[in-house]
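The values are calculated or read from the model by the stated rules, or taken from the named source; none is laboratory data. For clarity, every value in this text was computed on a predicted model and none was experimentally measured. Cβ sites come from the backbone with ideal geometry, for glycine too, and all protein chains shown count toward neighbours. For the accessible areas, the whole protein counts, side chains as well, though only heavy atoms, and no ligand, DNA or RNA atoms are used. Shrake-Rupley method; radii C 1.70, N 1.55, O 1.52, S 1.80 Å.
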Amino acid sequence: MSSTTSSTGTDQATFWNEEGGRRWVAHIDQLERMLAGLSTVLIDAVAAQPGERVLDVGCGGGPTSNAYARAVGDTGRVLGVDISAVILDVARHRARHIANLEFATADAATHPFEPASFDVVTSRFGVMFFPDPHGAFGNIRRAVRAGGRLCFMCWRGIDENPWMGAPAKAAFSVIPPPEKLPPGSPGPFAFADPAHVRDILASAGFADIELIPHEHRITLGSVDEALEWLTNMGPAATPLAEAGPNARAAAREAMRELLVRHDTPQGVTLDGATWLVRARVP
Ligand SMILES: C[S@@+](CC[C@H](N)C(=O)[O-])C[C@H]1O[C@@H](n2cnc3c(N)ncnc32)[C@H](O)[C@@H]1O
């Protein structure tokens with residue numbers, strides 16, 4: 001989702017409050033449907049208990065925050081933090097009747113969380129965008145009590161995620177790809193390398209770090225729906241926007257052909273691969 005969920009040359013807060021945030025909101029139902037199966041795996045792994053205090057980082061429209069609010073019940077509480085005011089408007093509206101769930105518009109990398117005030121910190125694809133991940137996870141770790149846990153989901157490499165990579169590759173058979181960023185650059189694939197993730201978490205003070213591989217078939221919607229959001233979001237979005245009308249039409253046609261090849265009665269379905277990352281605060 002490089003044009004949507006990372007920003008090349010744009011500051012993350014600007015990106016997620018402007019173009020990236022607007023596009024996420026425009027496609028939010030479809031994106032959340034696509035990620036719903038993965039949520040179940042994450043939510044089961046988080047295993048939030050009645051009375052617990054949960055921090056959901058980069059919570060977006062709050063689908064996971066809502067699930068944790070149900071799990072912790074009246075005696076627990078959930079704070080969803082997101083840098084995007086425009087996406088949090090959706091989260092706040094959806095959760096307006098839920099008493100134990102709050103949202104804060106804040107940069108989780110630097111927000112002055114009350115020290116040791118959470119039992120668990122979690123995220124569904126919301127922690128790969130920090131320009132300084134070591135500093136950000138240090139800040140997040142200080143918010144968790146001793147013995148508390150970290151449990152989040154992030155993407156493995158783009159080559160293992162053809163649901164995002166294959167349509168972009170089809171477009172790049174026609175138009176030039178974007179400039180390649182160094183591995184680990186903020187963006188959806190920043191945490192592809194397990195050694196990088198371990199280094200960040202260990203230096204932030206987490207212990208018992210585990211990365212569990214998880215594969216999942218991702219359904220992108222109908223061919224038309226998939227083509228529409230993949231044109232506006234993902235690695236091909238900016239190159240498509242910058243291409244001339246003929247090249248853009250030809251690239252979209254190449255993407256459509258790829259999507260048609262993966263169409264099923266349930267919609268276009270391609271493979272996805274994640275890390276489920278778990279750690280503990282000593
Ligand atoms: C890929 S979206 C995932 C949203 C949500 N967790 C979900 O799965 O539906 C990434 C989210 O991280 C948020 N984000 C990026 N950088 C952030 C930061 N430094 N602090 C808090 N949120 C951040 C974005 O605004 C966006 O909502």
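With the structure loaded, tell me whether ALA226 is small (Gly, Ala, Ser), at pLDDT 95 or above and farther than 22 Å from ALA170 by Cα or whether it fails that test.
So ALA226 fails the test.
Residue by residue through segment 124-138, note down the ones that are assigned to a helix (DSSP H, G or I) and either more than 25 Å from SER39 (Cβ to Cβ) or near the ligand (Cβ under 8 Å from one of its atoms) (or both). Write out each step before concluding.
The initial filter retains those residues of segment 124-138 that are assigned to a helix (DSSP H, G or I), namely 133-138.
Once the filter is applied, which keeps residues that are assigned to a helix (DSSP H, G or I) and either more than 25 Å from SER39 (Cβ to Cβ) or near the ligand (Cβ under 8 Å from one of its atoms) (or both), segment 124-138 yields HIS134, GLY135, ALA136, GLY138.
Quick check, is ALA67 near the ligand (Cβ under 8 Å from one of its atoms) and closer than 22 Å to VAL277 by Cα?
no
List the number of the failed condition for GLY272; all other conditions in (1) part of a helix (DSSP H, G or I); (2) in contact with a strand residue (DSSP E or B) (Cβ under 9 Å, 6 or more places away or on another chain); (3) within 23 Å of ARG23 (Cβ to Cβ) hold.
Evaluating GLY272 over (1) part of a helix (DSSP H, G or I); (2) in contact with a strand residue (DSSP E or B) (Cβ under 9 Å, 6 or more places away or on another chain); (3) within 23 Å of ARG23 (Cβ to Cβ) leaves (1) as the failure.
Would you be able to say whether some residue in segment 79-94 is more than 29 Å from ASP11 (Cβ to Cβ) and of a type in the set (S, T, N, Q)?
Checked segment 79-94: no residue is more than 29 Å from ASP11 (Cβ to Cβ) and of a type in the set (S, T, N, Q).
Determine the pairs where a residue that is in a loop (DSSP other than H, G, I, E, B), located within segment 107-119, has a partner that is of a type in the set (Val, Ile, Thr) and within 16 Å of the ligand (Cβ to nearest atom) with Cβ atoms under 6 Å apart, the partner being 6 or more residues away or on another chain.
From segment 107-119, the pairs are ASP107/ILE83; ALA108/VAL57; ALA108/VAL81.
Does segment 220-229 contain at least one residue that is farther than 23 Å from LEU276 by Cβ and within 17 Å of the chain's Cα centre (by Cα)?
There is at least one residue in segment 220-229 that is farther than 23 Å from LEU276 by Cβ and within 17 Å of the chain's Cα centre (by Cα).
Return only the number of the condition from (1) part of a helix (DSSP H, G or I); (2) open to solvent by 10 Å² or more (accessible area, probe 1.4 Å); (3) closer than 28 Å to ARG33 by Cβ that LEU211 does not satisfy.
(1)
I need every pair where a residue in segment 14-28 that is without any contact (Cβ under 8 Å) to a residue 24 or more places away in the chain has its Cβ under 7 Å from the Cβ of a residue that is of a type in the set (Val, Ile, Thr) and open to solvent by 20 Å² or more (accessible area, probe 1.4 Å), sequence separation at least 6 or different chains.
Filtered contacts from segment 14-28: no entries.
Condition first: within 13 Å of the ligand (Cβ to nearest atom) and acidic (Asp, Glu). Now tell me which residues in segment 46-63 satisfy that.
ASP56
I'm told GLU179 meets every condition in (1) in contact with a helix residue (DSSP H, G or I) (Cβ under 9 Å, 6 or more places away or on another chain); (2) surrounded by fewer than 22 Cβ atoms within 10 Å (Cβ to Cβ) except one. Can you identify the failing condition by its number?
It fails just one condition, (1).
How do the pairs read when you match residues in segment 40-67 that are closer than 15 Å to ASN100 by Cβ and assigned to a loop (DSSP other than H, G, I, E, B) with residues anywhere that are among the aromatic types (Phe, Trp, Tyr) and open to solvent by less than 10 Å² (accessible area, probe 1.4 Å), using Cβ under 8 Å and keeping only pairs 6 or more apart or on different chains?
Going by the 8 Å Cβ cut-off, the qualifying pairs are ALA48/TYR68.
So, in segment 220-258, of the ones that are touching a Ser or Thr at 6+ places or on another chain (Cβ under 7 Å), in a helix (DSSP H, G or I) and not aliphatic (A, V, I, L, M), which residue ends up most open to solvent (accessible area, probe 1.4 Å)?
ARG252
From the list ARG278, ARG261, ARG217, which one is surrounded by fewer than 20 Cβ atoms within 10 Å (Cβ to Cβ) and touching a Cys at 6+ places or on another chain (Cβ under 9 Å)?
ARG278
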